[in-house]
Structures are given as structure tokens and as C-alpha cells.
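Taking it in order: structure first as C-alpha cells, then the write-up.
The values are calculated or read from the model by the stated rules, or taken from the named source; none is laboratory data. This structure is a prediction, so every number in the text was calculated from the model and none was measured. As a convention, Cβ positions derive from the backbone with ideal geometry for all residues, glycine included, and neighbour counts pool all protein chains shown.
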Protein chains: 4
Amino acid sequence: MKEQHKKDSLNRLKTVRGHIDSVIRMVEEERYCPDIMKQVSALQGSLERVNRVLLQNHLETCVTHAIQEGRTEEIVEELMETMRYTAAVTGPANPKEST
Amino acid sequence: MKEQHKKDSLNRLKTVRGHIDSVIRMVEEERYCPDIMKQVSALQGSLERVNRVLLQNHLETCVTHAIQEGRTEEIVEELMETMRYTAAVTGPANPKEST
Amino acid sequence: MKEQHKKDSLNRLKTVRGHIDSVIRMVEEERYCPDIMKQVSALQGSLERVNRVLLQNHLETCVTHAIQEGRTEEIVEELMETMRYTAAVTGPANPKEST
Amino acid sequence: MKEQHKKDSLNRLKTVRGHIDSVIRMVEEERYCPDIMKQVSALQGSLERVNRVLLQNHLETCVTHAIQEGRTEEIVEELMETMRYTAAVTGPANPKEST
């Protein structure tokens, strides 16, 4: 794993862990549900960015090596499979953008 | 907050917290990126289910009270706003059976 | 269905229909895949907004009536079920926001 | 574009176009909103699968060529950018089995 991607994803994950603790407190204190929901959604967004870092790392390392060695079919299949289980490739883009 | 929803969302959030720690270890050990990505995605799914519980609680309590008191417009506007910031109402995908 | 929501969702759906035709042409002309992908994603976003309009209409009409008639449990259950099949309640928020 | 991917994505897009027409009719007939929402969501899922086909094609053709020519950094950057604008890489949900 590239040092920069490892550091970046670790920082983000540790931030998420701290943020989770504060969301747990919000539930314990029975704060207003929409406020908690926004925080939970922010956590999902942070995890999404972790996965983007991991994907970029994967593309720059394993996928690149595999293609250079002629194992394109195999690595693309695995990548599509990963995104089948883990991912919406596109999603509804940016719900905030217009209403 | 209804006791059942509070308990359910707290249990789920605490499970996420433990799961985050194991994902952090996976990154530290530089495990295979697609394997980590799948775990991160599972975390996102767990948080999604937390938000569903909170939404259900909100509908059953605050939204119901507001509508009974004739504050429909106001509460629906707030709900749409909450989902504007926090949410894809639909999304391209079929959420996993909740677990 | 409220006139405003009906008109709004119909306009959006008809725009999507026209947009689909242009995406079909892009594929027929074998345009650059990332360019097509962005258009497909824009379509998903447009459909997302249609569903928000429909959800708002549903909340303002059927859900409100049901709650006023004391059928809260039933209507919330149906709503959660609708969003179970059709929806990510939250989603990863806004992927664009930070990188 | 590979013939198989072109044909597949065109077929899917044309199915979406027909499906949109039936959703427009549902709105015109003021059918029950949750029923319409489920259909709109199915459309989003179909578009998601179109984008997966296009992504797979892009990986197997342009991305592979670029990496073989040593333009890894450039092509990965563009890919991440495409997915930044078009995509949730992961999302909270498990995409339906492609059909």
C-alpha cells in the first residue's frame, strides 16, 4: 500500500471512530433524530472517502501490475466483483445539487 | 425516543465502532484493498440501517405528533430537508436485508 | 396527487426521457465512456429528484391522512417498506464535497 | 467500445426508455406514490447497471491501454474524477443482482 494512501485512510478511519463515539452519545442523550441522522450520514460520507482512497491505491498498485503482466481480464473481473458487493458505481450523484 | 429504537440504534452503532477497529487493523497490516473495501462498505450498510431506525422513530413520534397538531407542512419540510442533506431517498440499489 | 407535485414529477420524467435518447446516441456513436457515465449518473440524479417529489407528495397526502385517522403504525410500516425496496435512506451524503 | 458492452448497454438503455414511458403514465393516472417510487427506483438500478457495463468497458479498453503505455497516473486520476462526479464508489447498499 502506498504510504500516502495508508496514512490518509488511517486518519480518516480514526476520525470516523471518534465521530461514532459522539453519535452514540447523541443517541444516549436522545437528541433530535434528524440531527443524529445528519451525523450518521456524515459518517457514511467519510467511509465513502476511505473507500475512494483504497480504490485509488488498488488501481495504482495491484491493478496496474496485473495489467502490465497481461492479467487484465482477471483483475477487471475482480474489481467489478468488489464493486458489485461493495458499491454503487454511480449513485444518484449529488442529491443536494438541485431540488 | 422509543426504547426499542434507542436500544436498536445503540447496539448497531456499538457494533460499527468495534468493526471500525478491525478495519483500522486491516489497513495497518496492509491487507488486500478489495477485502478492506468490502468491510468499509459493510460499515456503510450498518450505518444506513441505523439511519432507518432513527427515521422510523422520527416518523412514529415527532412527525406523528406534528401532523396531529396540524403542523404538517412544517414537519414535512424539515423531513425533506433532513433527507436532502443526509440522504438519497431512493438510490440505485436495493438495500441488503437488514440484519 | 397535488397538482404541483404531479406537474413537477411529470416535467422531470419527460426531461429524463429526452436525456435518455441522447445517451443512447452517445453509446451508438461510441463516445468516450467516462463522458457517457457522467450523463447516466446525471439521469440517476434526476430520477432521485422525481422520487423526492413523490415522497413529499406521499407525506403531505396519504401519510398525513393516515396519521390523522390513527393509522400511524400501518402507514409508517408501509413507508419503511417502500424505502426498503426503493431506497437508501441516507447514502454516503455528498461524494463531491471533499476529497 | 467492445461489441458486447455496446450491445448490452444499448439494450439496457432502451429498456429504461420504455420503462420511463410507463412511469410517466403512472403519474398521469395518479397511481399510488409508493408504487411509482418503486418503479423509479428500479429505473435507477437499471441505469446503475448501464454504468457498470460502461465502467467495465473503460477498464478493459482505455484504462488497460493507458497503463500499458505507462500513463497510469493520468488514467487513474481521470477515473477517480469520473467517479467523483458520477459516483458513490461504495454506497451503503448492496446492488441488486444484475439482470
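Cβ separations smaller than 7 Å between residues 6+ apart or across chains give no pair from region A:57-82 residues that are on the phi > 0 side of the Ramachandran plot to residues that are acidic (Asp, Glu) and not in a helix (DSSP H, G or I). Is it true that A:Arg12 is in contact with a Ser or Thr (Cβ under 9 Å, 6 or more places away or on another chain) and modelled with pLDDT under 95? Here the answer is no, as A:Arg12 does not meet what is asked. Among the residues making up region A:1-20, a single one is of a type outside the set (Lys, Arg), facing another protein chain (nearest Cβ under 7 Å) and without any contact (Cβ under 8 Å) to a residue 12 or more places away in the chain: A:Leu10. On the given criteria, is D:Glu30 within 8 Å of another protein chain (Cβ to nearest Cβ) and either out of contact with any Ser or Thr (no Cβ under 9 Å at 6 or more places or on another chain) or at pLDDT 95 or above (or both)? The answer is yes for D:Glu30.
When D:Thr72 is tested against (1) more than 18 Å from C:Thr15 (Cα to Cα); (2) at the interface with chain C (Cβ under 7 Å from one of its Cβ atoms); (3) touching an Asp or Glu at 6+ places or on another chain (Cβ under 9 Å), just one condition goes unmet, and that condition is (2).
If you go through region D:9-46 and pick out every residue that is of a type in the set (Lys, Arg), in a helix (DSSP H, G or I) and more than 11 Å from C:Leu10 (Cα to Cα), you end up with 4. Against the condition of a type in the set (Ser, Thr, Tyr) and surrounded by fewer than 20 Cβ atoms within 10 Å (Cβ to Cβ), how does C:Thr82 come out, does it pass? No, not satisfied. Number of residues in region C:33-50 that are buried (at least 22 other Cβ atoms within 10 Å of the Cβ), under 22 Å from D:Met37 (Cα atoms) and among the hydrophobic types (A, V, I, L, M, F, W, C): the value is 4.
Just give me the residues in region C:53-62 being crowded, with 24+ Cβ neighbours inside 10 Å and within 11 Å of chain A (Cβ to nearest Cβ), in sequence order. The answer is C:Val53, and nothing else. Of the residues making up region A:63-79, those that are at pLDDT 95 or above and buried (at least 18 other Cβ atoms within 10 Å of the Cβ) are A:Val63, A:Thr64, A:Ala66, A:Ile67, A:Thr72, A:Ile75, A:Val76.
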